[in-house]
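The next block holds one structure in the form of structure tokens; read it before the comments.
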Amino acid sequence: MDAFGPLNITAESLAEEANKVQRKLEAGIGTLRAMDEVDFGVTAREEVWRDGKTVLYRFRGEREPTAEVPVLVSYALVNRPYMVDLQADRSLVKGLLERGEDVYIIDWGYPDRSDRFLTLEDYIERYIGGAIDHLRKAHGLDAVNLLGICQGGVFSLCYAALNPHKVKNLITMVTPVDFHTADNMLSNWNREIDVDLLVDTLGNIPADMMNLTYLMLKPWRLFAQKYVGMVDILDDKRAMEDFLRMEKWIFDSPDQAGEAFREFNTQFFQQNRFVTGGAKIGEREVHLGLVEMPILNIYAEQDHLVPPDASRALRDLAGTDDYTELSFKGGHIGIYVSGRAQKEVPQTIHDWLAKRAR
Amino acid sequence: MAQGSDDFEALARQYWGAWGDALRGVTPQAGSGAGMQGFRDALGAWTNAASGGQGGFDNVLGHFNRQNGDWFARMQQVAAQFAGREHGAQDVAKAWQRALGGNPFQGLLQGMRGPGLEGLEQWSEAAAPWLQNVRNEAASTLGMPAFGFAREHQERLQGLGQAQLRWQDALSAYNALMATTSQDAYARFEAKLAEREEPGRQLGSVRALFDLWVDAAEEAYADTALSTEYRKAYGELVNAQMQLRASGQAIAEQAANLLGMPSRTELDSAHRKIAELERQLRRMQRRAEADEAMPAPKPASKPAPAKQTPASKAAKPAAKNTSARSRVGKPVKKAAARKPAKPAARKR
């Protein structure tokens with residue numbers, strides 16, 4: 001038929017679309033009822049060290065690691081360890097193990113109110129430091145490889161600056177360094193918040209509040225379009241399982257220890273201390289100029305949480321002579337779970353580490 | 001279980017049947033059963049039927065029901081008005097605006113509720129009559145000095161009233177900003193629709209129409225959310241909410257004390273002492289371990305500086321030649337002459 005305006009919709013096409021939705025919904029009842037408990041975190045692992053609620057795990061692949069220097073993964077406090085090991089075909093851990101890397105991860109656990117006074121010093125020097133010291137001792141090495149993700153990348157940079165002799169190679173993924181780039185929405189929102197009042201009132205920062213903030217970065221896409229679109233896959237059990245795993249990935253978040261949140265937001269989101277100087281972890285000052293070990297900095301081109309420029313700032317601030325970037329075509333979450341990520345990220349990390357194994 | 005499924009099927013048949021009838025008459029009529037409530041009823045029955053599986057679905061289905069329930073029906077109703085009829089971008093945009101109202105952002109954000117987020121809103125709703133009275137009659141008295149034996153209690157209550165007024169003002173300002181953003185979103189939506197008027201670029205489905213709206217709304221929102229105006233409005237909203245919570249908590253603590261119950265402040269105080277003791281102990285351990293591990297100085301080693309280097313290389317005069325940096329696989333050594341002085345103790 002002839003078109004009359006921006007909508008080329010007829011009564012028949014409207015009815016057909018409505019019928020299609022109904023069929024999807026009907027099929028969805030069967031799909032969802034037939035689904036088993038969705039599993040996540042697929043790779044075998046064993047606990048090797050513990051301090052309080054923080055646990056260090058060693059992943060076990062199907063083959064023995066060939067790399068002599070282990071990689072320790074440190075992710076953001078708002079996430080869980082399975083973020084890098086969601087399912088068999090979406091696992092950075094699996095990809096690294098298959099290539100012979102020896103992979104460890106810190107599980108930060110779920111802080112409760114008794115953990116409210118944990119500081120950045122506790123997370124960086126006590127937990128990351130404790131895990132690294134354990135690995136150095138267990139492997140008979142002076143230094144190990146450190147892979148920091150997002151906020152865990154900030155922690156890793158701080159640790160590496162304070163303890164450069166203990167980090168052989170540093171990999172940062174979607175890690176903010178310059179928090180005041182013009183396109184950093186989270187940072188813009190943080191600037192006028194009275195962080196002291198927030199933490200003094202709430203104690204620990206509830207995970208739901210954190211997740212709500214992340215949803216508000218793209219409210220229509222993340223809170224409306226996503227669930228409207230879910231209708232399309234209601235008749236696909238496998239796709240629904242993947243969808244539910246991602247829901248778990250996104251919303252299974254620990255509360256944030258209040259004091260660490262206070263320090264992080266004040267020093268980085270508000271004061272941008274990596275760039276302006278004067279970041280302090282405990283009693284010690286952090287200077288990125290002291291991060292002299294080789295750095296592989298991986299950022300995502302469509303990252304709505306950590307804009308690429310926020311990550312790329314590392315190249316000018318770090319003290320290393322050996323700096324490499326990987327620009328990943330994807331977003332903040334896609335960099336772990338997309339098909340492209342499975343092909344590009346573990347291979348890049350492995351190749352980069354292999355060249356610096358000696 | 002089967003009952004839930006039957007309910008859905010019956011309601012869905014009723015809903016879609018009404019839609020079929022309405023479409024034959026070109027547009028759905030008010031009260032025809034093809035409106036949003038009919039779809040909500042069907043979707044509610046669907047959610048009940050579908051959640052008969054594993055419990056982990058509840059949150060997902062809750063989100064799905066809350067968000068999809070309205071949007072799909074609204075999309076349908078707007079699109080149906082123009083099915084097979086001559087129309088322009090402005091007509092669709094206006095119809096969309098009528099369906100969503102003046103401030104759809106406010107409605108969307110109010111839908112973002114979940115466990116742990118209801119508390120303040122529920123409390124505010126419960127206290128609304130008293131608070132309205134405060135606003136109407138007693139706002140000026142909230143700042144008046146208190147006297148006598150119960151003055152501290154009175155001050156806490158005054159503080160709560162003041163905090164509530166601040167919260168209401170902050171919320172109004174935030175919603176006003178969102179209303180402006182909504183108008184911007186509608187304007188962008190109309191512009192995007194106009195781009196689709198030429199043959200070959202037209203929208204062929206309700207979903208495509210909704211997706212176009214989402215693009216427009218997100219663009220408008222991003223511009224607002226990155227602005228200084230939003231920074232201030234959002235900051236005030238959060239700060240006012242925290243002041244209100246803190247005021248309420250202070251009164252609750254007083255009440256708990258009267259009953260001999262330990263307060264949050266007392267527990268925090270104990271936790272703070274434990275954390276600080278642990279921290280001091282670990283600092284001492286680290287220093288002791290570092291002292292033990294410290295090798296005897298070698299003649300060839302550089303002397304350690306008295307102080308650490310400046311905060312970052314950004315502050316140093318010799319900036320790196322960034323063009324010498326490379327993408328994956330091509331690391332480039334920086335010129336040695338450009339390197340800043342480093343403390344000798346850093347390398348082992």
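The values are calculated or read from the model by the stated rules, or taken from the named source; none is laboratory data. Just so it is clear, the structure is predicted and the values come from calculations on it, not from any experiment. For neighbour counting, all protein chains shown are included, and Cβ atoms are generated from backbone atoms with ideal geometry for every residue, glycine included. Keep in mind that these areas ignore ligands, DNA and RNA; they rest on the heavy atoms of the full protein, side chains included. Shrake-Rupley method; radii C 1.70, N 1.55, O 1.52, S 1.80 Å.
Computed from the C-beta positions of A:T10 and A:E98, the FRET efficiency with R₀ = 56 Å rounds to 0.60.
Solvent-accessible area of the stretch A:304-345 (1.4 angstrom probe, protein heavy atoms only): carbon and sulfur portion equals 49 percent. Placing unit charges on the Cβ atoms only, positive for Lys and Arg and negative for Asp and Glu, gives the stretch A:189-347 a dipole magnitude near 420 debye about its Cα centre. A Förster distance of 35 Å, applied to the separation of the beta-carbon atoms of A:E46 and B:E278, puts the FRET efficiency at 0.85.
On a per residue basis, the convex hull of the C-alpha atoms belonging to the stretch A:229-350 measures out at 147 Å³. Using a probe of 1.4 angstrom and keeping all protein chains present, the accessible surface of the stretch A:204-358 works out to 32 square angstrom per residue. Per residue of A:245-257, other chain Cβ atoms within 10 Å of the residue Cβ number 1 on average. Seen through its C-alpha gyration tensor, with square-root eigenvalues sorted a ≥ b ≥ c, the stretch A:191-276 comes out prolate because a/c lies at 1.5 or above while a/b is bigger than b/c. Comparing A:E125, A:E285, A:E101 in a Gaussian network model of chain A (Cα springs below 10 Å), the most mobile by mean-square fluctuation is A:E285.
Rounded to the nearest 100, the interface formed by chains A and B buries 10100 square angstrom of accessible surface, both chains summed, with a 1.4 Å probe.
With the full set of protein chains in place, find how many percent of the accessible area of the stretch A:189-282 is carbon and sulfur; take the probe as 1.4 Å. Of the solvent-accessible surface of the stretch A:189-282, carbon and sulfur hold 47 percent.
Between the Cα long axis of helix A:339-355 and the first principal axis of chain A there is an angle of about 20°, rounded to the nearest 10. For chain A, a Gaussian network of Cα nodes joined below 10 Å ranks A:L202, A:L92, A:L170 by mean-square fluctuation, and the top entry is A:L202.
Taken about its Cα centre, chain A carries a charge dipole of about 540 debye when Lys and Arg each add +1 at the Cβ and Asp and Glu each add -1 at the Cβ. Separation of the stretch B:157-219 from the stretch A:99-176 is 42 Å, based on Cα centroids. Inter-chain neighbour count for A:27-37: the average number of beta-carbon atoms from partner chains within 10 Å of each residue's beta-carbon is 5. Under a Gaussian network description of chain A, with springs only between Cα atoms under 10 Å, the residue in A:Q347, A:Q256, A:Q22 that fluctuates furthest is A:Q22. Pairs spanning more than 27 Å between alpha-carbon atoms, out of A:K94/A:K218; A:K237/A:K343; A:K237/B:K192: A:K94/A:K218; A:K237/B:K192. Look at the Cα gyration tensor of the stretch A:104-236: its axes a ≥ b ≥ c give a/c of at least 1.5 with a/b over b/c, and that counts as prolate. Applying the criteria of a DSSP loop state and at most 13 other Cβ atoms within 10 Å to the trypsin sites (Lys or Arg not before Pro) of the stretch A:28-76 yields A:R63. The overall shape of the stretch A:261-300, judged from the alpha-carbon gyration tensor, is oblate: a/c is not under 1.5, and a/b is no greater than b/c.
Computed from backbone phi, the HN-Hα couplings of the stretch B:201-209 come to 10, 6, 8, x, 8, 5, 4, 5, 5 Hz, rounded to whole numbers (Karplus: 6.51 cos²θ - 1.76 cosθ + 1.60, θ = phi - 60°; Gly and Pro given as x).
Label reach from A:E37 (point 7 Å along Cα→C-beta): in the stretch A:57-75, no amide nitrogen lies under 13 Å. Near A:Q256, the amide H atoms lying under 5 Å from its own belong to A:I205, A:A207; only residues 5 or more places off or on other chains count, and H is placed 1.01 Å from N. When the pairs A:K226/A:K248; A:K53/B:K273; A:K53/A:K168 are compared against a 21 Å limit on Cα-Cα distance, A:K53/A:K168 fall above it. Among the protein heavy atoms of the stretch A:38-186, carbon and sulfur supply 46% of the accessible surface, probe 1.4 Å, non-protein parts ignored.
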